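Engineer: Just passing along the structure, written as structure tokens.
Read-outs throughout are calculated quantities, based only on the coordinates presented, and are distinct from any laboratory measurement. Keep in mind that this is a model prediction, so the values were computed, not measured. Note that each Cβ is placed from the backbone with ideal geometry, even for glycine, and that neighbours are counted across all protein chains shown.
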Amino acid sequence: MGDETGRPDERPVHIVYLEGFHIDRYEVTVEEYARFLNAIGSLWGCDGHLCADVKSENPQSHILIKDGLYQPEPGYERHPITWVSWFGADAYCRFYGKRLPTEAEWEKAARGTDGRLYPWGDIFSPDRANADGVLSGTVPVGSYPEGLSPYGLHDMAGNVWEWVADWYEPYPGSGYRSPFFGKYKVVRGGSWNHPAADARCSARDFAHPARRIGVVGFRCAK
């Protein structure tokens, strides 16, 4: 886990042993998240926090409220959910008997065991991920079948960053310090408008768990 040639918070490279786990092949979609909101009946039903933005409050959201129900904006049904808080991601996974993956599980699922830089190998290819600003927004999940991870997961690089369970903390043995350690949650995988370096399997970023961001979504594990 990690990359000695990456950013300071990716060091040092270290071995992590994990128990077996399952992880979703795809990022959670707008359609799926709207179904969840209808099931819980409230935008504030995520441990007392706002789950996600809706279009009436945030024009960039792809969730509509129509006839008293949450609905995906037409044409965005299969796009990854965005503008969702960490609390909204965590509550969704738990509602369906799952959980957010740990940071180590996420990297293992993206990278396999050979230390590759990207889910498909060591060289970035714009044909394998929606990243590096090539497109101007998200695309439906699974749109890059050539970019599968070693375990058959889609969009582990690009499309949207993904919330994971962990707080942002230094790796064991790291001398790196950040004022954000212990206060923010980790996101992984890069997005459509972030550079290719952020789509590396070891790249880390972070965000406040209550914040909803247009380039952050999630997938579940168990």
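Engineer: Could you quote the convex hull projected area for the range 102-206, Cα atoms only and averaged over all directions, in nm²? All intermediate terms of the calculation are to be shown ahead of the outcome.
Structural biologist: Details: hull surface 26.8 nm².
Answer in nm², one decimal: 6.7.
Engineer: Could you list, bin by bin from short to long, the percent of Cα-Cα pairs of the chain in 10 Å steps?
Structural biologist: Spelled out bin by bin, the chain gives 9, 36, 36, 16, 3, 0 percent.
Engineer: Moving on. For the chain, what proportion of DSSP beta bridges, expressed in % and rounded to the nearest 5, is antiparallel?
Structural biologist: Numbers: 17 of 20 bridges.
The answer is about 85 percent antiparallel.
Engineer: Can I ask one more? To make sure I understand, if each residue's beta carbon is the centre and we count other beta carbons within 10 Å, what order do Val30, Val134, Val187 fall in, fewest to most? If you can, show how the numbers build up before the last one.
Structural biologist: Values: Val30 30, Val134 13, Val187 27.
So the ranking, lowest neighbour count to highest, is Val134, Val187, Val30.
Engineer: What is the range 47-99 by shape, rounded, prolate or oblate, if you read a ≥ b ≥ c off the alpha carbon gyration tensor as root eigenvalues and call it rounded for a/c under 1.5, prolate for a/b larger than b/c, and oblate otherwise?
Structural biologist: prolate
Engineer: Next question. Take every Cα pair under 8 Å in the chain that's 6+ residues apart, average their separations, divide by the length, and report that relative contact order as a whole percent. Walk me through the intermediate numbers first.
Structural biologist: Details: 520 pairs, mean separation 60.9, N = 222.
In percent, rounded to a whole number, it is 27.
Engineer: How do Thr138, Thr5 line up, fewest other C-beta atoms within 10 Å first?
Structural biologist: Values: Thr138 27, Thr5 10.
Least to most surrounded, the residues fall as Thr5, Thr138.
Engineer: For Ser42, Ser174, what's the fewest-to-most ordering of other Cβ within 10 Å of each Cβ? If you can, show how the numbers build up before the last one.
Structural biologist: Working: Ser42 9, Ser174 15.
Ascending number of Cβ neighbours within 10 Å: Ser42, Ser174.
Engineer: Still on this structure: What is the angle, in °, between the Cα long axis of helix 86-95 and the longest principal axis of the Cα atoms in the chain? Nearest 10 is fine, range 0 to 90.
Structural biologist: Roughly 80 degrees, rounded to the nearest 10.
Engineer: Which of the lysines could a cross-linker bridge to Lys183, judged by Cα under 29 Å and excluding same-chain residues fewer than eight apart?
Structural biologist: Of all the lysines, those that pass the test against Lys183 - Cα under 29 Å, at least 8 places apart if same chain - are Lys55, Lys98, Lys108, Lys222.
Engineer: If you don't mind, there's one more thing I want to ask. Rank Pro150, Pro101, Ala129 by how far each Cα sits towards the positive end of the charge dipole of the range 80-191 (+1 on Lys, Arg Cβ; -1 on Asp, Glu Cβ) and give me just the farthest.
Structural biologist: Result: Pro101, furthest along the dipole toward the positive end.
Engineer: Dipole size in debye (nearest 20) for the chain around its Cα centre, Lys and Arg Cβ +1, Asp and Glu Cβ -1? Provide the component values of the computation, followed by the final result.
Structural biologist: Details: 24 positive and 30 negative charges, 72 e Å.
Using Cβ point charges on Lys, Arg, Asp and Glu, the chain gives about 340 debye.
Engineer: Still on this structure, please answer the following. In nm, to one decimal, how far is the Ser178 label point from the Tyr26 one, both placed 7 Å along Cα→Cβ?
Structural biologist: Distance between the two pseudo-spin positions: 3.1 nm.
Engineer: Ok, one more. Using a 4.7 Å Cβ cut-off, which Cys residues in the chain lack a partner cysteine?
Structural biologist: So far as the 4.7 Å Cβ criterion goes, Cys201 stand without a partner in the chain.
Engineer: How big is the Rg/Rh ratio for the range 1-98, C-alpha atoms only, Rh by Kirkwood, two decimals?
Structural biologist: On the way: Rg = 17.0 Å, Rh = 15.3 Å.
Radius of gyration over Kirkwood radius for the range 1-98 works out to 1.11.
Engineer: Nearest 500 deg cm²/dmol is fine: what mean residue ellipticity at 222 nm does the chain get from its DSSP H runs of n ≥ 4 alone, each adding -39,500 (n - 2.57), divided by its residue count? All intermediate terms of the calculation are to be shown ahead of the outcome.
Structural biologist: Values: 3 runs with 30 residues, N = 222.
Result for the chain: -4000 deg cm²/dmol, rounded to the nearest 500.
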